[in-house]
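The values are calculated or read from the model by the stated rules, or taken from the named source; none is laboratory data. None of these values were measured; they are calculated from a predicted model. When we count neighbours, we look across all protein chains shown, and the Cβ atoms used for this are built from the backbone with ideal geometry, even at glycine. For the accessible areas, the whole protein counts, side chains as well, though only heavy atoms, and no ligand, DNA or RNA atoms are used. Shrake-Rupley method; radii C 1.70, N 1.55, O 1.52, S 1.80 Å.
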Amino acid sequence: GENVEQHPSTLSVQEGDSAVIKCTYSDSASNYFPWYKQELGKRPQLIIDIRSNVGEKKDQRIAVTLNKTAKHFSLHITETQPEDSAVYFCAAGSWGKLQFGAGTQVVVTP
Amino acid sequence: EPEVTQTPSHQVTQMGQEVILRCVPISNHLYFYWYRQILGQKVEFLVSFYNNEISEKSEIFDDQFSVERPDGSNFTLKIRSTKLEDSAMYFCASSEGQGLISGGYTFGSGTRLTVV
């Protein structure tokens, strides 16, 4: 089955700097790679996703890249703001089944 | 914005008791899921459901678990005989479609299950 590794587990950045979170996956059949933001005690919320036929996707300050050959994908947040502080989860799989990474606690300090 | 609704928000149950967690997916969504998150850990896949049958399930989803869509709006997760290790936040999710067509999952706000 799919195994997703996520790094780093914690990330502290100064407000305005960029944050990068990296994930690797094991199953070459995976075709869907979403990223979720989870604030303490709340539901995961989809922030961006990418499918296996696309190498890069951007939405304002957030971008995701996918390298199918190397089986890794990354989340990039530019111009970080305090409200970006949360746990971010990557996931990989297919429509019926997603495996999540262990999460990255992002702390943005003013 | 449409939401996935889960009830109750918190359930406390005695070990060995049966619990039913309830979800109302977004009305035009066809695919339904249950995930769980033990406190401080990753979100774990339990089961996906489409066209009134299970599509995929994980190793966690053993004979103690079952899902049902009893009517046109509800989607339930039943745990027959709860164990202490079933204590977790259980998230229901739904999606409109699948594969290259669908949008992402929308998660509900979760039911915190505490088994004592």
#### Entry: All positions within region A:29-42 that are within 10 Å of chain B (Cβ to nearest Cβ) and either modelled with pLDDT of 90 or more or surrounded by 12 or more Cβ atoms within 10 Å (Cβ to Cβ) (or both)
A:ASN31, A:TYR32, A:PRO34, A:TRP35, A:TYR36, A:GLN38, A:LYS42
### Query
Considering region A:47-63 alone, what residues qualify as being farther than 14 Å from A:ILE77 by Cβ, within 12 Å of another protein chain (Cβ to nearest Cβ) and at pLDDT 90 or above?
A:ASP49, A:ILE50
### Task
Could you tell me whether region B:36-51 includes any residue that is in contact (Cβ under 8 Å) with a residue 60 or more places away in the chain, of a type in the set (Ser, Thr, Tyr) and in a strand (DSSP E or B)?
no
### Task
Out of A:GLU79, A:GLU83, report the one residue that is in a loop (DSSP other than H, G, I, E, B) and surrounded by fewer than 22 Cβ atoms within 10 Å (Cβ to Cβ).
A:GLU79
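Yes/no per residue for (1) open to solvent by less than 60 Å² (accessible area, probe 1.4 Å); (2) out of contact with any helix residue (DSSP H, G or I) (no Cβ under 9 Å at 6 or more places or on another chain); (3) not in a strand (DSSP E or B):
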| position | (1), (2), (3) |
| --- | --- |
| A:ILE50 | yes, yes, no |
| A:ASN53 | no, yes, yes |
| A:THR65 | yes, yes, no |
| A:ALA70 | yes, yes, yes |
| A:PHE73 | yes, yes, no |
| A:GLY93 | yes, yes, no |
| A:GLN99 | yes, yes, no |
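The rows are residues; the columns are (1) among the aromatic types (Phe, Trp, Tyr); (2) within 14 Å of another protein chain (Cβ to nearest Cβ); (3) closer than 26 Å to B:GLU1 by Cα.
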| position | (1), (2), (3) |
| --- | --- |
| A:ASP27 | no, yes, no |
| A:PRO44 | no, yes, yes |
| A:GLY101 | no, yes, no |
| A:VAL107 | no, no, no |
### Message
I need every pair where a residue in region A:9-30 that is under 17 Å from A:ASP49 (Cβ atoms) and of a type in the set (A, V, I, L, M, F, W, C) has its Cβ under 7 Å from the Cβ of a residue that is open to solvent by 60 Å² or more (accessible area, probe 1.4 Å) and part of a strand (DSSP E or B), sequence separation at least 6 or different chains.
### Response
A:CYS23/A:GLU5; A:CYS23/A:HIS72
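Matching residues to (1) closer than 26 Å to B:ILE60 by Cβ; (2) of a type in the set (S, T, N, Q); (3) over 13 Å from the mean Cα position of the chain (by Cα):
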| position | (1), (2), (3) |
| --- | --- |
| A:PRO34 | yes, no, no |
| A:ILE62 | no, no, no |
| A:THR80 | no, yes, yes |
| A:SER85 | no, yes, yes |
| A:ALA92 | yes, no, no |
| A:GLY96 | yes, no, yes |
| A:THR109 | no, yes, yes |
### Task
Go through region B:52-71 and give me each residue that's open to solvent by 80 Å² or more (accessible area, probe 1.4 Å), more than 11 Å from chain A (Cβ to nearest Cβ) and either in a strand (DSSP E or B) or closer than 12 Å to B:ALA88 by Cβ (or both).
B:GLU53, B:GLU68
### Task
Please work out if B:SER27 is more than 9 Å from chain A (Cβ to nearest Cβ) and not aliphatic (A, V, I, L, M).
yes
### Among residues of region B:76-116, those that are under 18 Å from B:GLN37 (Cβ atoms) and either in a strand (DSSP E or B) or open to solvent by 30 Å² or more (accessible area, probe 1.4 Å) (or both), counted
21
